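Notes to accompany the following structure.
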Amino acid sequence: MVPLLKIASIETLYYDRIYALHGLSLEVREKEIFTVLGPNGAGKTTLLKTIAGLLKDQPKKGTIEFLGKRIHRLPPEHISVLGIVYVPEDRGLFRELTVKENLDLGWWGRRDRGIRDDFEFVFELFPILKERATQEAETLSGGEQQMLAMARAMLRRPKLLMLDEPSLGLAPLVARHVYDALSRISQAGTTILLVEQNAKMALGIADFGYIMESGRIVLEGTSKELQENEDVKEFYLGLGGEAISPKGWRLYKKRRTW
């Protein structure tokens, strides 16, 4: 089965001299949730921007295929038309526009008859947005802004929805609501590629995951496999079993096996 997205040995550079991605390869299958986990500086955001075409003339090496078509180094507007929609960490909202105006920009250019149904779907996911329809985006809470960004993205009818740190800065209950919405979006048939630092939450909904460090994929597996991996437990889920002295000193620090 041909994957929806196939990345093979890509190398992305900043300023033509700093490698952010080193020979990175991964695949994303249709109608599943894939997550990429890793610390700050691992290259997770660079990966999403490279896929979305937001880094000019990148990747320098390697290939990116979407639905069997090579898309690397295409302009971002061409990639978006193919069905790849990216929700950045800062959400990318027009802060001075209202909720309704931001949503209208989401379906701009569509000519199909499913717009009304899509509005009903996003308002079912995020009822608060209907209540806040005339409110400027900059006056929303952080959680409401994340919901608006996701709702606007869904009005593009994405084949692949990419999100960068959707739980960042959100209260636990709000983050849970956002992740419940992602599960429902996936169940409705949209493929999701999710970048996160909150490994526990991401693996709780993902079908498959990749661990990324220093621009490389160092580990991959199903969500269950990663949750049961001892290194992942210690370094990403906070479940490590290091011995600690009575004075609080760590007597042993486990070394990664990758």
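All of the numbers you see were taken from the coordinates with simple rules; none came from a lab. Because the structure is a prediction, the values reported are computed rather than measured. Glycine also receives a Cβ, built like all others from the backbone with ideal geometry; neighbour counts cover every protein chain displayed.
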For the chain, calculate the relative contact order in percent as a whole number, restricting contacts to Cα pairs under 8 Å that are 6 or more residues apart. 24
Of the residues V122, W107, T139, the Cα lying farthest along the dipole of region 94-157 towards its positive end, which is defined by charges on the beta carbon of Lys, Arg, Asp and Glu, belongs to W107
Residue-averaged 222 nm ellipticity for the chain, from DSSP H runs of 4+ at -39500 (n - 2.57), nearest 500: -9500 deg cm²/dmol
Modelling each spin label as a point 7 Å along the Cα-to-Cβ direction, I'd like the E32/R113 distance in nm, to one decimal. 3.5
Determine, from the Cβ-Cβ distance of D104 and R73 and an R0 of 30 Å, the FRET efficiency 1/(1 + (r/R0)^6), rounded to the nearest 0.05. 0.45
Using only the Cα atoms of region 94-157, build the gyration tensor, take square roots of its eigenvalues as a ≥ b ≥ c, and label the shape rounded, prolate or oblate: rounded if a/c is under 1.5, else prolate if a/b is larger than b/c, else oblate. prolate
Protection-proxy order for peptides 69-77, 231-239, each taking the mean of Cβ atoms within 10 Å per residue, highest first: 231-239, 69-77
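Over 23 Å between Cα atoms, which of K44/K159; K31/K224; K61/K224; K31/K60; K31/K130; K49/K224 qualify?
K61/K224; K31/K60; K31/K130; K49/K224
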With +1 on each Lys and Arg Cβ and -1 on each Asp and Glu Cβ, how big is the dipole of the chain about its Cα centre, in debye rounded to the nearest 20? 540
Across M154, M201, M212, the residue with the highest GNM fluctuation in the chain (Cα network, 10 Å cutoff) is M201
Compute the FRET efficiency between R157 and Y15 as 1/(1 + (r/R0)^6), taking r as their Cβ-Cβ distance and R0 = 25 Å, and round to the nearest 0.05. 0.10
